[in-house]
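Enquirer: For reference, the structure I am asking about is given below.
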Amino acid sequence: MSKEENVGKRIKMFRDKLKMTLGDLAAKSGVSVATIASIEDGEVLPALGVLTKLSRALGQRLGTFMDDQFKPDPIITRAVDLEAAKVAAEGANTLCYASHSLALGKPDRHMDPFRIEFAADGVDEVSSHEGEELIICIAGEVELTYGCEKTVLGPGDTAYYNSVVKHGLRAVGGKPASIYGVVFMPF
């Protein structure tokens, strides 16, 4: 089963469990019915902002839709495993980025850490959700849109912000970029 199918099936399972229609979930999350249907059908892997909105609307933490199985602490992510995210971003997917969870299998976590690979000069999209985020640029340059402000971060630069403000990230400068990102959403 592909990652897209797995995420979509989990969203549908929780929606069904709550006896929500696609319209109910769309109204509660702010995500269109068509987008939710495409996600549930395994046609598309949602962007983190969309997945965050859906997880909140379904009363679940973000990782609920991405974990495949329980793993005991500590959760170790090897650098070689992160290459898959990098290759996916270079493959010019429709999202212009690929993310790799750094906490897969940890069901009791309160944060969701990711390694995110951005394709060169990605789409400038923003979203918002409850919580906070920490971004650490590790390669290339990323442009952080935060409200009306835009700031370019280079390797070693960080940004920590309230996620309730509309925000977005994309690679700039004609080259791919990589970040570590940690998302915290209170329940």
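Enquirer: Given H placed 1.01 Å from N in the peptide plane, which residues other than close sequence neighbours of residue 106 have an amide H under 5 Å from its amide H?
Expert: Hits under the 5 Å cutoff: 71.
Enquirer: Would you kindly calculate the translational diffusion coefficient of the stretch 120-187, applying Stokes-Einstein with the Kirkwood radius from alpha carbon pairs, for 10 °C and a viscosity of 1.306 mPa s, and quote it in µm² s⁻¹ without decimals?
Expert: It comes out at roughly 133 µm²/s.
Enquirer: I would also like to ask the following. Amide H neighbours of residue 139 under 5 Å, at least 5 residues apart or on other chains, H built in the peptide plane: list them.
Expert: It is 178, by chain and number.
Enquirer: Per DSSP H run of n ≥ 4, the term is -39500 (n - 2.57); total these for the chain, divide by its residue number, and report the mean residue ellipticity at 222 nm rounded to 500 deg cm²/dmol.
Expert: Counting only the DSSP helices, I get -8500 deg cm²/dmol.
Enquirer: Choose one answer from 155, 46, 176: the residue with the largest mean-square fluctuation in a GNM of the chain with alpha-carbon springs under 10 Å.
Expert: Looking only at 155, 46, 176, the biggest GNM fluctuation is shown by 155.
Enquirer: Another question about this same structure. Can you give the direction-averaged projected area of the convex hull of the alpha-carbon atoms in the chain, in nm²?
Expert: Value for the chain: 10.3 nm².
Enquirer: Cβ under 15 Å from residue 151's Cβ, residue 151 left aside: what net charge do those residues give with Lys, Arg +1 and Asp, Glu -1?
Expert: Result for the local shell: -3.
Enquirer: Take the Cα atoms of the stretch 3-65, find their three principal axes, and give me the spread along each one in whole Å, biggest first.
Expert: 24, 23, 21
Laboratory data are not the source of any read-out in this text; all were calculated from the coordinates shown. Keep in mind it's a predicted model, so treat the numbers as computed, not measured. Counting neighbours? That spans all protein chains shown, and the Cβs are built from the backbone with ideal geometry, glycine included.
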